[in-house]
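The values are calculated or read from the model by the stated rules, or taken from the named source; none is laboratory data. These numbers come from a predicted model, not from an experiment. Methodologically, a virtual Cβ is constructed for each residue, glycine included, from the backbone with ideal geometry; neighbour enumeration extends over all protein chains shown. Areas reflect the complete protein model, heavy atoms only, side chains present, ligands, DNA and RNA absent. Shrake-Rupley method; radii C 1.70, N 1.55, O 1.52, S 1.80 Å.
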Amino acid sequence: FFFFFFLRRHRTMTTSHIAKVFGLLLVLCAVSTQAVSTYYASPSASNLISCTEELPCSLTGAIQLAQDNDVVMMLEGTYNDPTIFPIVVNKGITLRGIVPKSVTVDCSTNGTSICLEVVVPIDRFFNFFVNDVVFQNFYPTASLHHGDLSAVVLVRADISSTIPEFELAQGVTFTATSFFNNSAPVDSSKQPWQYPSVVLVMGLPQSASVAFESSVFSANGIEVFRTLYSSLVLQSCTINNNNQAIENAYSTVLSAAIHPWIGGSFILIDDCLIASNDGFADLMTVSGVRCLNASYCLGLTISSSNIQVNRGKNGITLYDGASLNVMNTNFFSNFFTDKSLIYSHQAVTESRLTLEASVFEDNTLGFGNTINGLVEGSWSSQSTINSCNFTSLASENAAILVRGSLLITNSSFNYYNGLYVLEDSTVTVTQYSFNGTGSLVTAVGSEYNIAGSTIVSLVNSTFNVVDTKDTPSTAISTKGYVNALVSGSTFNDGKLLANCSLEGVTFSSLVQFVGNKNSVKKNDGSVKENAQGCQVVCNNPNKDICNGQATVKNNTHGTKGMPVWLQVCLPISFFLFGVFVIVVGVFLIRRKKLAITTN
């Protein structure tokens, strides 16, 4: 049925295309009807013939006898015979621990830099499974044939395979597996490898991915996940109490480089607990090499997860245009000493950010002389924050620090500072609630560009800025020339504006200023005390509601702007200098031509 439906949808297919599809269906049918055999392995067995439950083989022997789709049943016990390491698998088989018994692979006797190596052929269908097995006590002391690679589990593509005409599906899945107490020598100078990891995935094709389901990663002293141009899925996993202890190592809980042309293009974390991890440079880093278009790379997606009580330098760091999508996720009580919980590294390509229905509560950033943002970075025009709640951030930081473009909707900010908008940025805020003692918005514009390259729009929002004697509150604070549009919003107490630039803020209809400190009188030309040098012009005589258009102007033409004489003279100077350069250039060209003619 599928075959003929496919033909109806693709009537322009050539005979060769039809033959390929038909052959693919035959392969699928053959795979589905192939008999499945079970081979039993035991930690103490040496038999290499029958591999039955009564007379099991060694683990190496069972893997050698098994073929694609077969099962290697690992009987109860601890597999620590040095002769089985590294465990190398290049077949589409299943390694399954016999439940409810305990099956453990103790890598401490390995000594080499790999415990389990899965080699994925790219020229055929391939599915490898590991179920109900514990991997523990990995501690490499010698190099293997992979040089500087080191991991408890290494999954890599077989580069000797013939590249197929079209991609075939490959998958590696670990279910109900556990990884405990895996580490490496603390002195990094004594290691022949770089970035030892619990899981290292590299070079898989676009059609392949590695998945961990209902698995636990705990008490490990090395990087947990590292993927190089390969897709990774973490489903219902627990990643907790890992503590990176290697000296001078820049390691993370998860590090990923995604490349849509070479290999995998996405990392998915769903329904996971990531908690109490310490000592890592970053919690997660994602590098989006060649992600010049959002459709190329799906980037990092986190959904329905809890990320809590983690410590390190940074939280999630994005490089080279990698995107981040967060949905229904809670960030609780994390502490980062360097920059941010979510940070986009400023580069040629901006990252795309999507935060949806998530909670950020009691997170702490490092102390310093600069303002940091809980969410900070250079964001593309497609970036959005919707239905999120930000609470309890220290007074020296802001909830969100923006470079680039950002749309914020239906969100709540209960912080000292709400938004910190840097120069040349565009931020639109709708249905926004702010409760704080600092500034709702601090916007940084050009010191010399009166037109203003920074644009802030506040629409249909409520601002409860608490004005105390020791901590004066301000709804909007500008530095330099900023264009701001406020409409359909309510301001409750606090100071309305601070450091207002020349004609920098416009209030349109249905804006309410509640409380005497925000009262707006009719057009009397006065300078409002609450605007700190800004003149409020309103045609409505009602002092509490400006139900009409009101314009706020800077009565002193801005404290950081250029003097008027310089604003006039500077363009003229540039013009005259340009004319001078042109005249000199023409003179030199004519002189050169004359010299050539004379010669």
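List the number of the failed condition for Ser323; all other conditions in (1) modelled with pLDDT under 90; (2) closer than 15 Å to Ala399 by Cα; (3) polar (S, T, N, Q) hold.
All conditions pass for Ser323, except number (2).
Hey, can you tell me all the residues within segment 302-320 that are more than 16 Å from Thr384 (Cβ to Cβ), open to solvent by less than 30 Å² (accessible area, probe 1.4 Å) and over 10 Å from the mean Cα position of the chain (by Cα)?
Matches in segment 302-320: Ser305, Ile307, Asn310, Gly312, Asn314.
Can you report the number of residues in segment 400-425 which are assigned to a loop (DSSP other than H, G, I, E, B), open to solvent by 30 Å² or more (accessible area, probe 1.4 Å) and modelled with pLDDT of 85 or more?
1
Tell me which residues, restricted to segment 86-125, are surrounded by fewer than 22 Cβ atoms within 10 Å (Cβ to Cβ), assigned to a loop (DSSP other than H, G, I, E, B) and of a type outside the set (D, E, K, R).
Listed by number, the residues that qualify are Pro86, Asn90, Ile98, Val99, Pro100, Ser102, Gly111, Thr112, Pro121, Ile122, Phe125.
What about Val72, is it crowded, with 17+ Cβ neighbours inside 10 Å and either in contact with a Leu (Cβ under 9 Å, 6 or more places away or on another chain) or in a loop (DSSP other than H, G, I, E, B) (or both)?
yes
I'd like to check which strands (runs of 3 or more DSSP E) are fully inside segment 201-255 and have at least 3 residues that are more than 20 Å from Gln136 (Cβ to Cβ).
Answer list for segment 201-255: 208-213, 231-235.
Can you name the residue in segment 47-69 that is within 20 Å of Thr173 (Cβ to Cβ) and not in a helix (DSSP H, G or I) and is also least open to solvent (accessible area, probe 1.4 Å) among such residues?
The selected residue is Ala66.
Looking at the structure I just gave you, is Ser44 buried (at least 18 other Cβ atoms within 10 Å of the Cβ) and of a type in the set (Ser, Thr, Tyr)?
no
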